[in-house]
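What follows is a short report on a single structure.
The values are calculated or read from the model by the stated rules, or taken from the named source; none is laboratory data. Here the structure is a predicted model, which is why all the values come from computation and not from measurement. Please note: Cβ atoms are built from the backbone with ideal geometry, for glycine as well, and neighbour counts cover all protein chains shown. Remember, those area values only see protein heavy atoms, side chains included, never the ligands or the DNA or RNA. Shrake-Rupley method; radii C 1.70, N 1.55, O 1.52, S 1.80 Å.
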Amino acid sequence: MYTAIETMRSHRSIRKFKDKAIPEDIIENILTSAQCAATSNFVQAYTIIRVDDPQNRQVIAKLSGSQQWIIDAPVFLVFLADLNRLEAACRKHGKEMADGYMEQFIVATVDTALIGQNTLLAAESLGLGGVFIGAIRNDPKKVCDLLSIPENAYPVFGMCLGYPDDQPPVKPRLPLEGFFRKDAYPAGGVDAVLEAYDKTTSKYYLSRDSNLKDETWSAQMAGFMSKVVRPHMKAFIESKGFCIR
Ligand SMILES: Cc1cc2nc3c(=O)[nH]c(=O)nc-3n(C[C@H](O)[C@H](O)[C@H](O)COP(=O)(O)O)c2cc1C
């Protein structure tokens, strides 16, 4: 058992797991603790699907860019932003849900991110590790077909969980002054923080035992952010009934 602060500060994504199942009561404890996250207007607009079927895992791993840890992880979860229970609540009370609004998409996605982060944190507090899998959005329609995900719900990310078989170093985050400002957004722009943080991240990448590289954060981000990533998402999200108004 670790304190919440200790657990947060020792977070690193785990992509290699021991061949050891997570007991059911531990999974339940993780999920029922994670669901204590704050939720916008108490909507709890999410559903989590545990994918046990090895064939489905294979398909999801492949469409996610062949991420082997999706196949190997003792537990693989898919987190959906989901308005279906809210629609049922409206129906129960003879009302029609005013659906399709961008605001509901934001609310459901934020709620899903909060329970997702709480899930990983709860797992880490019990000595487990894991990694978010955003790459399930490479082919979100296939994920929906595979897991029978209806309209008014969409897969936001997956998550591998298990007992760590690796001890990667903790990645240095931005310095506090790089993301925390008093009273107003920095008038002088945000360029100044890059210099110092590039030095920190360069040192970190050169000191790693594995996947050692001569790289800085800004170079990495420039490479990533100058590429078009998943341009299908707008049409996909609209096809699920979100963001059409
Ligand atoms: C929403 C989200 C999606 C992510 N998707 C992937 C993924 O598909 N595959 C992967 O290996 N890591 C994925 N990651 C992990 C990030 O790469 C990782 O958190 C980041 O590099 C920081 O490293 P750390 O978690 O070890 O501190 C994702 C993280 C988040 C929050």
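Is there a residue in region 92-100 that is more than 15 Å from the ligand (Cβ to nearest atom), open to solvent by 40 Å² or more (accessible area, probe 1.4 Å) and on the phi > 0 side of the Ramachandran plot? Scanning region 92-100, I find at least one residue that is more than 15 Å from the ligand (Cβ to nearest atom), open to solvent by 40 Å² or more (accessible area, probe 1.4 Å) and on the phi > 0 side of the Ramachandran plot, so the answer is yes.
For region 49-74, filtered to residues that are farther than 18 Å from G129 by Cα and of a type in the set (A, V, I, L, M), the residue that is surrounded by the most Cβ atoms within 10 Å (Cβ to Cβ) is I60. The one condition from (1) within 25 Å of H11 (Cβ to Cβ); (2) surrounded by 11 or more Cβ atoms within 10 Å (Cβ to Cβ); (3) within 16 Å of the ligand (Cβ to nearest atom) that V193 does not meet is (3). Answer yes if at least one residue in region 171-179 is within 27 Å of P54 (Cα to Cα), more than 16 Å from the ligand (Cβ to nearest atom) and surrounded by fewer than 17 Cβ atoms within 10 Å (Cβ to Cβ), and no otherwise. So far as region 171-179 goes, no, none of its residues is within 27 Å of P54 (Cα to Cα), more than 16 Å from the ligand (Cβ to nearest atom) and surrounded by fewer than 17 Cβ atoms within 10 Å (Cβ to Cβ). Being open to solvent by less than 60 Å² (accessible area, probe 1.4 Å) and acidic (D, E) is a property that D198 has. Within region 108-158, the set of residues being open to solvent by less than 30 Å² (accessible area, probe 1.4 Å), among the charged types (D, E, K, R) and either within 13 Å of the ligand (Cβ to nearest atom) or in contact with a Cys (Cβ under 6 Å, 6 or more places away or on another chain) (or both) comprises just one member, E124.
Residue count for region 206-240 under the criterion of being surrounded by 14 or more Cβ atoms within 10 Å (Cβ to Cβ) and at pLDDT below 95: the result is 1. Taken over region 15-46, residues that are closer than 30 Å to F105 by Cβ and either open to solvent by less than 70 Å² (accessible area, probe 1.4 Å) or not hydroxyl-bearing (S, T, Y) (or both) amount to 19. Note on region 186-245: among residues that are without any contact (Cβ under 8 Å) to a residue 60 or more places away in the chain and among the β-branched types (V, I, T), the one that is nearest to D145 (Cα to Cα) is V229.
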